[in-house]
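Visitor: Take this structure, written in structure tokens, and hold onto it; I'll ask about it next.
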Amino acid sequence: MGIVANVGGKEYRVGFRHDRVGQMVVEPGGQYHRTGTLERPVKRPHVGTLDWKSCSAITTCMIYSGDILVAEGKAYCSFKDQFNKRRGRIISLGRATESLPYDIKCAIWEAYTHRR
């Protein structure tokens, strides 16, 4: 956990995990793809149900206060897209901080943008 934000005497630690699905397969002619799928829920607001869609990678952001998991956010990468850890971190951090109070959210984002 490299990112630490202090708010009102409380310490919030932010960590990321990148998971890929399947194995990379190179076909004759230089084409490559990843085997295996991971199903993720997709909300269908017009129907009010969940649908499932395949993805090739997931970036998970976890925010801890002490040993307690305060928030978690996930970014899913489609098979059609190129996996990018930087973009995955930004999306998952945004989703993890959605429900946090404004002062905590600002401190975490400031710590993230000023990390080394």
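Visitor: Quick one: in the stretch 61-82, which of the residues that are at pLDDT below 90 and surrounded by 13 or more Cβ atoms within 10 Å (Cβ to Cβ) is farthest from ILE104 (Cα to Cα)?
Guide: Looking at residues that are at pLDDT below 90 and surrounded by 13 or more Cβ atoms within 10 Å (Cβ to Cβ), I get PHE79.
Visitor: On to the next question. I need the full set of residues from the stretch 66-92 which are farther than 16 Å from VAL4 by Cβ, assigned to a loop (DSSP other than H, G, I, E, B) and small (Gly, Ala, Ser), in order please.
Guide: Correct list: SER78 only.
Visitor: Moving to a separate point now. I'd like the residue in the stretch 84-113 that is β-branched (Val, Ile, Thr) and without any contact (Cβ under 8 Å) to a residue 60 or more places away in the chain and, out of all such residues, is farthest from VAL70 (Cα to Cα).
Guide: Filtering the stretch 84-113 for residues that are β-branched (Val, Ile, Thr) and without any contact (Cβ under 8 Å) to a residue 60 or more places away in the chain, the one farthest from VAL70 (Cα to Cα) comes out as THR113.
Visitor: Quick one: would you say LYS85 is among the basic types (Lys, Arg), within 16 Å of the chain's Cα centre (by Cα) and modelled with pLDDT under 90?
Guide: Yes.
Visitor: Suppose we filter the stretch 93-116 for residues that are at pLDDT below 90 and either out of contact with any strand residue (DSSP E or B) (no Cβ under 8 Å at 6 or more places or on another chain) or in a strand (DSSP E or B) (or both); how many remain?
Guide: The qualifying residues number 2.
The values are calculated or read from the model by the stated rules, or taken from the named source; none is laboratory data. This structure is a prediction, so every number in the text was calculated from the model and none was measured. A quick note on method: Cβ atoms are made from the backbone with ideal geometry, for glycine too, and the neighbour counts reach across all protein chains shown.
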